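Read through the structure below, which is laid out as structure tokens, and then see the notes.
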Amino acid sequence: MLRLSNLFLRTLRDDPADAEVPSHRLLVRAGYIRRAAPGGFSWLPIGWLTFQNVERIVREEMNAAGFQEVHFPALLPREPYEASGRWTEYGDNVFRVVDRRDADFMLAPTHEEMFTLLVKDLYSSYKDLPLSLYQIQTKFRDEARPRAGLLRGREFVMKDSYSFDIDEEGLQRSYEAHRNAYIRLFDRLGLPYVIVSAMSGAMGGSASEEFLAPIDVGEDTFVRCDGCDYAANVEAVVTPAPDPIPFDGLPPAVVHDTPDTPTIATLVDFVNAHPELRHPERDWTAADTLKNVVMMLRHPDGTSEPLAIGVPGDRDVDMKRLEAAVTPAEPSPFEEADFAAHPSLAKGYIGPGVLGTNNASGIRYLVDPRVVSGTSWITGADTAGNHVIGLVAGRDFQPDGTIEAAEVREGDPCPDGSGAPLQMARGVEIGHIFQLGRKYAEALDLTVQDESGRPVTPTMGSYGVGVSRCLAAIAEATLDDDGLCWPREIAPADVHVVIAGKEGGPQRAAAETLAAELEAAGVRVLLDDRAGVSPGVRFKDAELIGVPTIAIVGRGLADETNPTIEVKDRRSGDRVDVPLAEATAHLIETCRS
RNA sequence: CGGGGUGUAGCGCAGCUUGGUUAGCGCGCCUGCUUUGGGAGCAGGAGGCCGGGAGUUCGAAUCUCCCCACCCCGACCA
């Protein structure tokens, strides 16, 4: 039994000044966590209990799915990460340390290499597969900017699993097994979530989905369709391509003088202001223009390559989407020196006339999927002060391909073909599952023998759950104006017993008896037995701490013929008076239903 | 890493512009008395290297420079 009279806890009346997001504010105010380092938190007793509940649920669901728990050090040597290339790939985001002999170590941000090596160490036959292992570990990432309390720390607890299969079909099965386990897990955590298709990013690999808790303070933007179950991280949104348009009857492209129009806005104003350039039926808009942006791509092997991207002029290039589209290459802005090296590019007036591997610049030219054959554009004519009107894709220029780099907007059509508008929302990534493939197995030389005795390289999946982040996300999703409001399985206790009566009154003894009976029945009790604390403080603290059921032993006891206690549901605020004689049974029932 | 803001008691803040008592206020904490159904009252207390360092000055919380930390926006981000 937790007793507030001696529990290591101090609730704060005021919000801490350094906490902005609600979960962070309340977790500190209610005495769950304290900031201890930049991006690092200490757990206080009720916070740690709550954390352990989340961790336990994660563990139970992993075990129920047949995955086996292992545990690695957080302090790892350099070599395996050197072999996989991630010692350098991870860059500034990894904490590096050296030992007394000057050997390099890292504080692990994730453990693909160690799992792969452990399997390599012990297994050598296809008969040993499939295999799924997991651990629950503290991870370290030297985030440029930790924020939002537990939601984005530099030290956090993550459950990471890895599957090993002999072939694609096996990987697919392992992936599905994890996906289903995650669905059960997040359902049980009482956390709203959406599953969105995602990009696998720096981890490499193919199929990838994220579990996002839709929370306003989340850092990930995703879209979902009202009409179907399509949902995707904004980086992974697929742009539906319109049907091609026949060229017949399209007017020829004509080059015009358009002085001082280096931007889309100035160009649109210019063509609308000159009668001979006007659209026959309406005003031109930015969507009629084709904006061509040149970037420099740096490949992992150190080479660089320019890339031109054509997007409708009413949309910007979304750097995140572009990065996801060109990964593992990294895009960077085209510098003045780069322009100097490509004299065919007229800055501000770049058009398809010079772009493409077969044209003057020789620069690879990828366009937005909306730029289909037969679409007609106002775009740069490749000399300063000139644009071309009516340049038709497929007739007047031929891009090298398409690219998903244009920004996604609320209301964009769903890629399922229905054209239903997409909604945009923010979320916190609480889980990520993806098919890694053979990247790490190959890098670390993991092979097993197949039926014919030949070595084959297993294919892997990687699956993560942010355990400490989940706790914050649950807090975020459930809190209200009065404080935290935990789902029962997560809460540090089932019942918060408040003694609300004069010192020396009958309430104290009745509450002690009630609490003891509940404990004996396996109900977790937090008893506010503090002396000299006014009822108002007790009620406020109970609501702040957020235990799901609050039992108030107070004035109801005064009725000698029918003494009662009050049972309040933290979430709904509903209160019922319960006869003292039935209180224990009533509360046990409440906690079990 | 770029822009903006903030560091004064456990928490929330004032004081700084214009340098000069013993650095204040509310909450919390300690002692005593009263109070006990919605963050109680009175009285008395404890608690500060004013983020750190260097400087200017007879004198620095206050002015100058450097550093550090935290918050917000952006960049970055399993």
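We did not get these values from a lab; they are worked out from the coordinates using the rules stated. Note that this is a predicted model, so its numbers are computed, not measured. Cβ: placed from backbone, ideal geometry, glycine included. Neighbour counts: every protein chain shown.
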**Study point:** Estimated dipole of chain A in Debye, rounded to 20 [Cβ of Lys and Arg +1, of Asp and Glu -1, Cα centre]
**Key:** 1760
Check your understanding: To two decimal places, what compactness ratio does segment A:92-233 give when its Cα radius of gyration is scaled by 2.2 N^0.38 Å?
Key -> 1.23
Revision key, fill the gap. In segment A:254-402, taking the dipole from +1 charges on Lys and Arg beta carbons and -1 charges on Asp and Glu beta carbons about the Cα centre, the listed residue (A:Thr402, A:Thr379, A:Ala308) farthest towards the positive end is A:Thr402
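Dividing the alpha-carbon Rg of chain A by 2.2 N^0.38 Å yields what?
On the way: Rg = 30.5 Å, N = 593, 2.2 N^0.38 = 24.9 Å.
This ratio for chain A stands at 1.22.
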Practice item. Please report, in debye to the nearest 20, how large the charge dipole of segment A:413-535 is about its Cα centre when each Lys and Arg carries +1 at its beta carbon and each Asp and Glu carries -1 there. Key: 260
Check your understanding: When the helices in chain A are scored as -39500 (n - 2.57) per DSSP H run of 4 or longer and the sum is shared across all residues, what 222 nm value do you end up with, to the nearest 500 deg cm²/dmol?
Key -> -7500 deg cm²/dmol
**Study point:** Options A:Leu557, A:Leu580, A:Val525, ranked by Cα towards positive dipole end of segment A:495-592, top entry (Cβ charges)
**Key:** A:Val525
Revision key, fill the gap. Phi angles of segment A:172-178, converted by Karplus (6.51 cos²θ - 1.76 cosθ + 1.60, θ = phi - 60°) into ³J(HN,Hα) in whole Hz with x for Gly and Pro, give 4, 5, 5, 4, 4, 4, 5
Review point. How high is the FRET efficiency from A:Asp416 to A:Glu276, r the C-beta distance, R0 51 Å, rounded to 0.05?
Key: 0.75
Exercise for review: For the pairs A:Lys120/A:Lys320; A:Lys502/A:Lys540; A:Lys320/A:Lys347; A:Lys139/A:Lys320, note any where the Cα-Cα span goes beyond 26 Å.
Suggested key: A:Lys120/A:Lys320
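Let me spell out the model: positive unit charges on the Cβ of Lys and Arg, negative unit charges on the Cβ of Asp and Glu, origin at the Cα centre of segment A:293-380. What dipole size does that give, in debye rounded to 20?
260
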Practice item. Could you tell me which of rounded, prolate or oblate describes segment A:495-592, using a ≥ b ≥ c as the square roots of the eigenvalues of the alpha-carbon gyration tensor, with rounded for a/c under 1.5 and, failing that, prolate when a/b is larger than b/c and oblate otherwise? Key: rounded
Revision key, fill the gap. Among A:Pro73, A:Ser332, A:Gln507, the residue whose Cα sits farthest towards the positive end of the charge dipole of chain A, when +1 is placed on the Cβ of each Lys and Arg and -1 on the Cβ of each Asp and Glu, is A:Gln507
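Looking at segment A:495-592, what % of its DSSP beta bridges pair antiparallel, to the nearest 5? Present the calculation step by step, with values, prior to reporting the outcome.
Working: 9 of 18 bridges.
Of the beta bridges lying entirely in segment A:495-592, close to 50 percent run antiparallel.
For segment A:1-98, what does the alpha-carbon gyration tensor say about shape, rounded, prolate or oblate, given a ≥ b ≥ c as the root eigenvalues, a/c under 1.5 as rounded, and a/b over b/c as prolate? Don't skip to the end; give the middle numbers.
Numbers: a/c = 2.79, a/b = 1.53, b/c = 1.83.
Oblate, because a/c is 1.5 or more while a/b does not exceed b/c.
Counting DSSP beta bridges with both partners in chain A, what percentage is antiparallel, nearest 5? Walk me through the numbers on the way to the answer.
Values: 92 of 116 bridges.
So the antiparallel bridges amount to about 80 percent of the total.
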